[in-house]
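For reference, the structure is listed below as structure tokens.
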Amino acid sequence: MIVTSAVRHAAAGTAAVLLVLPVPSATASPVTSTATVTSTASLTATATVASASALTSTATVTPSAGSLRASLREPSPPARRYVDRARLDLKGTQVQPLPGAPDVPSLSALSWVIADASSGEVLAARNAHRKLPPASTLKTLFALTALPHHEPSEQHTVADAELTGIGDGSSLVGVKEGYTYKVSDLWNGVFLSSGNDAVHVLASMNGGWESMARQMQEKARSLGAVDTQVVSPDGYDAPGQVSSAYDLAVFGRAGLQDPAFVRYCSTRYADFPAGSWSYGIANTNRLLTGADGVDRYPGLIGIKNGYTSNAGNTLVSAARRGDRTLVVSVMNPQRGGGLAVYEEARELLDWGFEAANRVQPVGSLLPVQTEPAKAKAAATGSGGRTVAVARDSREAKADNRMPPAGAEAAAAAAAAPAKDQARGEEPSGASPGLPLALVGSACAAALALWGLRRRAAHRTG
């Protein structure tokens, strides 16, 4: 009877304790991982009490620190090749061929650059930083600066003041005072017809002519383009206005990261509104359209051509073949007439695709980062920006080649709880061992009570 009463007291006490205890909340690891099972030690009483009431052990699943780190480990990025940036400051053709590399074509352009658009590696170049008038290829920088500020569907009615100051002999798309245009129409005028009138209107919508020049200058510096001096945002010849084949390649590569930029620069034909009717306009980039006897280049993506009497013919373009995209810039060919700029760009693109993985880079289109800039890029996750490209006016698709920034930090943060548990430290929240400890205490108290009553019974007997 005494034993039965003691067990009853222990059971009642245990039930009361379990009823008032909060149910431990389940905690989930942020990352699913291979788990190791750690069982808590079974609580046992003496043989006499165990025969009346058995305590079952409980198990908790805890991911181990090692398995968690293994599941989070990012694939190692390809080894970066050493790039001597100073090499592009040298005059003449710069190339570092490996065995089996094709010969670099001999071109008449005063300056040119051919680079991988994804990595930014310059495959070859000639007088890359020579400062020359850019003509309308400077509109690439104008687009990079002004495109994000207005939605394509936004409408704007042109004022007379917005069409003043257009240089004599400028290329025009036909923007008229008092007419209302969608922003997308104006950008078609910029990219297809190289319309300086459309540039003037868009510049007015973005702070005015002088403000636009300052904004473009700041944008160029932020991209690491230090050769460019902006005086006239439309690229019209102006004293002191210069750029370089290197900077134009930088602008072209940056444009490939913006789907809107790609859509406009790769459009061959469009309708331009003129009040109640419209007329067709064609892209003046012959490599894109195949006009004037220039064969279309397979996989070509725009970007922008230009011409002035001072600059000669200039071109920045890109093409995609397989999973590889190249960007090329050519400035002022010295022979072959007005179409030579396209044929020399074609030769460079052909060479670049054939020379893939057969040359060492001679430079990079990526800006040189200071230590504070590197820390900021790592903190914001902007270190490995992707390049998006599109063909035939289709939306750009991202080409991610770098592992996401901050992945190692995320792995370390996720692994921290497992590491704490490996050291025997409990995570925050209610511990599942507390109810078991209290049950054990209740059983011990019941045993003690049973012992006292038994001794009392012996004395009275």
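The values are calculated or read from the model by the stated rules, or taken from the named source; none is laboratory data. Note that the structure is predicted; figures quoted are calculated from it, not measured. FYI the Cβ positions are ideal-geometry reconstructions off the backbone, even for glycines, and counts take in every protein chain you see. With ligands, DNA and RNA removed, areas are computed over all heavy atoms of the protein, side chains included. Shrake-Rupley method; radii C 1.70, N 1.55, O 1.52, S 1.80 Å.
So here's what we get for this one:
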quantity	calculated
Segment 271-291, subset open to solvent by less than 20 Å² (accessible area, probe 1.4 Å) and not in a helix (DSSP H, G or I), residue nearest to PRO134 (Cα to Cα)	ASN285
Conditions (1) in a helix (DSSP H, G or I); (2) under 28 Å from THR93 (Cα atoms); number of the one not met by VAL294	(1)
Within segment 186-213, tally of residues that are open to solvent by 20 Å² or more (accessible area, probe 1.4 Å), in contact (Cβ under 8 Å) with a residue 12 or more places away in the chain and in a helix (DSSP H, G or I)	4
Some residue of segment 131-143 being at pLDDT below 95 and assigned to a loop (DSSP other than H, G, I, E, B)	no
Some residue of segment 245-258 being touching a helix residue (DSSP H, G or I) at 6+ places or on another chain (Cβ under 8 Å), in a loop (DSSP other than H, G, I, E, B) and open to solvent by 20 Å² or more (accessible area, probe 1.4 Å)	yes
Selection within segment 108-121 - part of a loop (DSSP other than H, G, I, E, B) and more than 17 Å from SER364 (Cβ to Cβ)	SER108, ALA109, LEU110
Residue ID - farthest from LEU163 (Cα to Cα), chosen from residues in segment 176-185 that are open to solvent by 10 Å² or more (accessible area, probe 1.4 Å) and not acidic (Asp, Glu)	SER184
Hits in segment 83-107 (condition: part of a loop (DSSP other than H, G, I, E, B) and surrounded by 13 or more Cβ atoms within 10 Å (Cβ to Cβ))	VAL83, ASP84, LEU90, ALA101, PRO102, VAL104, PRO105, LEU107
So ARG268, is it farther than 25 Å from ILE301 by Cα and of a type in the set (Lys, Arg)	no
Residue in segment 140-164 that is most open to solvent (accessible area, probe 1.4 Å), counting only those that are among the acidic types (Asp, Glu) and within 30 Å of ASP247 (Cα to Cα)	GLU151
